[in-house]
C-alpha cells in the first residue's frame, strides 16, 4: 500500500519523466554499443585455440599487438594517414567556410550550406567508386592529360596507394569540417576585425592575429570530427589503397574474419581506440582553453 | 584660430536609393573636442566610419592633417577608433589588447610593456594588465578600448557613441573623465552621439546632422542660444514656439506680433534665418520665462495666463501655462529658491520675458 503510493508519487516527478524520455535510446545504446564494446574488451583477454576459445585471462594479445612490427607499422601508418586526412580536410574546408561566412549575402548563407551537402546525398561507396573512375589507369585524369599530350604514360601514383586514400577521405569528410568552422567564423564579431584594421593590421596580419585564433574552436572541433572516424575506416583503404594503403582497421577486419583470431583483433581494436581517445582528449582540452578565453 | 585637422569637402554617401549623407562640408580643428550630434539614421556614424576609412564616400573628399584620404585604408590612417561595443579582443588579456597596435609596429618588448602600463594608468586601469577581457565590466571595457586607441598617439580619436551602453551614473562620470583626458592628451576627438546633453557638456563644437545634412555647426552655447531653425531648437533642449507675424522691419531688426506675448522687437542677431518666410515662429526657452509673484512688479514685458500643469522636480519646477491669446501652452521653468511658492494648476500666472530671449525662426 505504502510502496504503491510512493511509486505513484515518484511517477509524477520531473526525474521520472526525464528517465522515461531517455530510457528507449539509452537501452538501444546499451544493446548496440555498450554490450558489443564490453564483448570486445572481454575477447581481447582471451585466446583463440583453433575452433575453441580459451577463456583464461591473458595480456598476450596486447603484448602481440604492441610489439610485432606489422601491427606497429599499420598503426603508425593509420595515424599518419588520419593526421594527413585531417590536415588536408581542414585546410581545404577553411577557405570554403570563410568564403560562405564573409562573402555571401547573409540571406543566402543557409542555401550555400545546403548546397555544400548535396554531393553527400550519394552513397559513400558510390563516391569511392567515382574516385576510382576519376583516378584510375584509364580514368578521367589520365585520359584528359594523355589526350592533351601532357603525359605519355598514364600516371600510376594517383590510385591504389596512400595518396588516393587521403584524397578520397578528405573529400568524404569535407562537409563535417566545413560546418563547425563556418559556425565559429559566423560567431566572430565583425567589429573586432575592423578594430584590428584600425589598429594597424593589414588583411594578412589581421587574419592570423584575430580571425584564426577566434575560429580555432571550430578548427579543433572539425579536426576531432574528421580524425576519429578516419582511423577506423577500412572500406576506403580496401578499395583505393592498394597493397601499401592498407590500415590498422583492415588488419582488425582480417583478424576477425580470415585469420579467425577475434581475441587479437579485439586487442588491436581496443589499442586503436585508446590511442584515438588520448589524442581526442588533447584536442578537447585545447578547445576548452580556447573557449574559456573567449568568455 | 587653430589649424584644420580634418576637412570634409562635400561628402555624400548613398546606399542604393537611400541617401545617407548629402553634401556634408565641415572643418574639425586641431585639439578640438568635436561632436557629431543627431537622431539615429542621420548619418553621423556613417560619417565617422568614413573618417576612419571603413566606408568610402560616394562623392566628396576627406583630408586629415592636410592629406587626402582617398583610397587610404584604415590601417594607414592617423586615426584610431573607440567602437560602440568597444570591440575588445576576447582571446587577449587587457595588456595584449592595449599593446595590439604597438605589436603591429614591431616595437621592443620592454618598450611596449612600459607604454601599456603608462596608458592604463592614464585611463584609470593601472594593475589590470593580466585581467582576462571577459572579466571586465562595461566601464572597464571602455577604458581598455580608450587605452588601446590612445597608446598609438593618433592625430584623431574617433568615438562612436561610447557612453550609450553605460548606466547613467557611470556615463556622467565618464563624460567628465573623457573631457579631462582630451585636454590632457591634446588629441582631436570626434565624438558621435544622439544625446544632446552629452554633446553640450563635452564638446568645443558640435555639428548637428539631420537627414544627412549639417543643420548647424557651432559651439554648445551658440547652438543652445541661437539654433538655426525650429528643428535644431527642438532637438537641443526644450523650446517653446509661438506663432508670430511680421509688422515692420527697422534698421537692425524686426518688429513682430507674437501670440500671447504681444509686440516684440527682435534684433537681427536673434533672427538667424531673417524674416522672409510667410509663417514665422518665435522661439523662447523655458528658463527665459519667469513667473512674477509680486503684483507690484512694474516690468514692461509680461503676459498673463493660467497654470495648466505643475511638475515638481526638487530643484526645479516646470509649469505648463496657457497664455491669454495663445493657441497652445508654453513650458516655463523656475528654480526653487527659498520662500518661492509653487503654483497649483488653475492659478492665474503673470509671466515676464525679455525681448533679448526671443528668437525669430522660419
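Values quoted throughout were computed directly from the atomic coordinates according to the rules given, and no laboratory measurement underlies them. On a predicted model such as this, the values are computed, not experimentally measured, just so you know. A quick note on method: Cβ atoms are made from the backbone with ideal geometry, for glycine too, and the neighbour counts reach across all protein chains shown.
Any chance you could check the Cα centroid distance between the range B:310-361 and the range A:248-271 for me, in angstrom? Taking the Cα centre of each part, the range B:310-361 and the range A:248-271 sit 96 Å apart.
If eta is 0.890 mPa s and T is 25 °C, what Stokes-Einstein diffusion coefficient results for the protein assembly as shown, Kirkwood Rh from Cα pairs, in µm²/s? Kindly include the intermediate steps, with their values, before the conclusion.
Working: Rh = 32.3 Å.
Rounded to a whole number, D works out at 76 µm²/s.
Averaging 1/r across all pairs of distinct Cα atoms in the range B:4-230 and inverting the result yields a Kirkwood radius of 18.1 Å. Between the C-alpha center of the range B:197-230 and that of the range B:1-40 there is a gap of 13 Å. On C-alpha positions alone, give me the angle between the axis of helix B:168-185 and the longest principal axis of chain B, in degrees, nearest 10. The answer is roughly 70 degrees.
When each of the peptides A:192-198, B:143-149 is scored by the mean number of other C-beta atoms lying within 10 Å of its residues, the order from highest to lowest reads B:143-149, A:192-198. Taking the longest Cα principal axis of chain B as reference, the axis of helix B:109-122 is set at about 20 degrees. With the helix formula -39500 (n - 2.57) applied to DSSP H stretches of n ≥ 4, chain A reaches a computed 222 nm mean residue ellipticity of -23500 deg cm²/dmol.
Take each residue in B:353-362, count the other chain C-beta atoms within 10 Å of its C-beta, and the mean is 0.
Can you give the % of DSSP beta bridges in chain B that are antiparallel, to the nearest 5? Walk me through the intermediate numbers first.
Details: 61 of 79 bridges.
Bridges in chain B are about 75 percent antiparallel.
For the range A:116-146 and the range A:36-81, what is the centre-to-centre distance using only Cα atoms, to the nearest Å? Taking the Cα centre of each part, the range A:116-146 and the range A:36-81 sit 36 Å apart. For a paramagnetic label modelled on residue B:168 (point 7 Å from Cα along Cα→Cβ), amide N atoms under 20 Å away belong, within the range B:226-266, to B:236-238.
What is the packing order of peptides A:154-162, A:124-132, taking the mean over residues of other C-beta atoms within 10 Å and listing the highest first? Please report the intermediate quantities before stating the final value.
On the way: A:154-162: 16.7, A:124-132: 14.9.
Result, highest mean Cβ count within 10 Å first: A:154-162, A:124-132.
Sequence-distant contacts, meaning Cα pairs under 8 Å at least 6 residues apart, place the relative contact order of the range A:69-294 at 27 percent.
Other protein chain C-beta atoms within 10 Å of residue C-beta, averaged over A:198-208: 6. Based on the alpha-carbon gyration tensor of chain A and its eigenvalue square roots a ≥ b ≥ c, which shape applies: rounded if a/c is under 1.5, prolate if not and a/b is larger than b/c, or oblate? Here chain A falls in the oblate category.
Taking Cα atoms only, the orientation of helix B:138-150 departs from the longest principal axis of chain B by about 70 degrees.
How much FRET efficiency would the formula 1/(1 + (r/R0)^6) give for residue B:155 and residue A:286, where r is the Cβ-Cβ distance and R0 is 35 Å, rounded to 0.05?
Numbers: r = 42 Å, r/R0 = 1.19.
With R0 = 35 Å, the Cβ-Cβ based efficiency is 0.25.
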